[in-house]
């Protein structure tokens, strides 16, 4: 990562994400086709809903012929963490116009969010529309096109997980977590490490009681609270 | 190409709730500034979310019981983490991760 906030560096820095998206979107297209969705439906879902893991949830619920309302509610719960991520990114774009703010929010994902958080460590905590929009659009285009291709490949490839692509985004989160910890100078390394450990332990035990998607949100909020307490306690 | 109205309504409905979750904070924070204590709180969101997402892939949930380890993902995480420490380069990390899981899947 560099301190530049131009189109070129955005494209270069989004490349690992795009690589991950290709794998997951292909797997999504193939899975959706296997569950009876048409290529058009797959393409539209990726363009309109555009929600990675939630799209897998939708496909599994469509296969069960679940009610529209209950599917939409599940998607909202899966994606509620977006509220938190948008809240974190938005202040960095408040100097841009309202239209640009809405557009940047429209295409924000887990991945472009974590990328921009990492980027902040190189740009003296600044972000602009051009950089985020380029990253967002690059990721969006690849996700849409590749999920349609996955749908066309359909039954030609079975068991897409075995090629390891499903791990691309996990690897990205591991990498970004590590890079975030070593480069974020605003919070002490030991504090970050203890907070991450706290979240890991809560996730492990929490999985016994709560479905993962709701749990993720609750644990994240608890982790943030714990972090604030810890940060002030160690000052 | 088929497009059933059932699927279309699901796509539009879930698209709408997702879009609102993404956009409302941007609209509100264009007009209001967050108090410092909230900013402080939110500064922990990245590490918390990334850790939680990683944990989700490391374990397989069985409600009512403790989760079991997702062995291939857990094994693949080790070289991935090591490559992060050595390279500090996201593309290298992602490639090492994918190749690791592919090899592990081949071996088992």
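The numbers here are math on the coordinates, done by the rules we state, and not lab data. For clarity, every value in this text was computed on a predicted model and none was experimentally measured. Methodologically, a virtual Cβ is constructed for each residue, glycine included, from the backbone with ideal geometry; neighbour enumeration extends over all protein chains shown.
Between residue B:88 and residue B:31, 0.36 nm times their residue separation minus their Cα-Cα distance comes to what?
That works out to 16.8 nm of additional length.
Sequence gap at least 6, Cα distance under 8 Å: using those rules, report the relative contact order of region A:1-102 to the nearest whole percent.
16 percent
Output the relative contact order of chain A, whole-number percent, from Cα pairs under 8 angstrom with separation of 6+ residues.
Reported relative contact order: 34 percent.
Hey, fewest Cβ within 10 Å first, where do A:33, A:185 land in order?
A:185, A:33
With the Cα gyration tensor of region A:187-235 giving a ≥ b ≥ c as the square roots of its eigenvalues, does the rule (a/c under 1.5 for rounded; else a/b larger than b/c for prolate; else oblate) give rounded, prolate or oblate?
Note, shape of region A:187-235 comes out prolate.
Run lengths n ≥ 4 of DSSP H only: what is the helix-derived mean residue ellipticity at 222 nm for the protein assembly as shown, with -39500 (n - 2.57) per run over all residues, to the nearest 500?
Only helices count here, giving -24000 deg cm²/dmol.
Explain nothing, just the number: relative contact order of chain B, from Cα pairs under 8 Å at least 6 residues apart, as a whole percent.
Relative contact order of chain B: 14 percent.
Round to the nearest 0.05 the FRET efficiency obtained for residue A:73 and residue A:97 when R0 = 41 Å and r is the Cβ-Cβ distance.
0.80
For residue B:63 and residue B:39 in one chain, what is 0.36 nm times their gap in residues minus the Cα-Cα distance, to one decimal in nm?
Answer, rounded to one decimal: 5.2 nm.
By count of other Cβ within 10 Å, fewest leading, how are A:224, B:48 ordered?
A:224, B:48
Extending each Cα 7 Å along its Cβ direction at residue A:155 and residue A:194, get the distance between those two points in nm, one decimal.
According to this spin-label approximation, the distance is 5.7 nm.
Kindly provide the pair-distance distribution of chain B built from C-alpha pairs, with 10 Å bins from 0 and whole-percent values in order of increasing distance.
Reading the bins upward from 0: 11, 22, 23, 32, 10, 1.
Once you have all Cα-Cα distances for chain A, histogram them in 5 Å bins from zero and send the whole-percent values.
Histogram of Cα-Cα distances, whole percents per bin: 1, 6, 12, 16, 18, 17, 14, 9, 4, 2, 0, 0.
Mind checking B:83-91 for the average number of partner chain beta-carbons within 10 Å of each residue's beta-carbon?
Across the residues of B:83-91, the mean count of other-chain Cβ atoms within 10 Å is 6.
Give me the base-10 log of I(q)/I(0) for region A:97-168 at each q in 0.27, 0.28 Å⁻¹, Debye formula, one uniform scatterer per Cα, rounded to two decimals.
Debye intensities relative to I(0), on a log10 scale: -1.23, -1.27.
Please work out the FRET efficiency for the pair residue B:106 and residue A:66, using the Cβ-Cβ distance as r and a Förster radius of 35 Å; give the result to the nearest 0.05.
0.45
Express in nm, to one decimal, how much length is gained between residue A:38 and residue A:209 on full extension, taking 0.36 nm for each residue of separation and deducting their alpha carbon distance.
57.9 nm
Averaged across A:93-104, how many Cβ atoms of other chains sit within 10 Å of each residue's Cβ atom?
3
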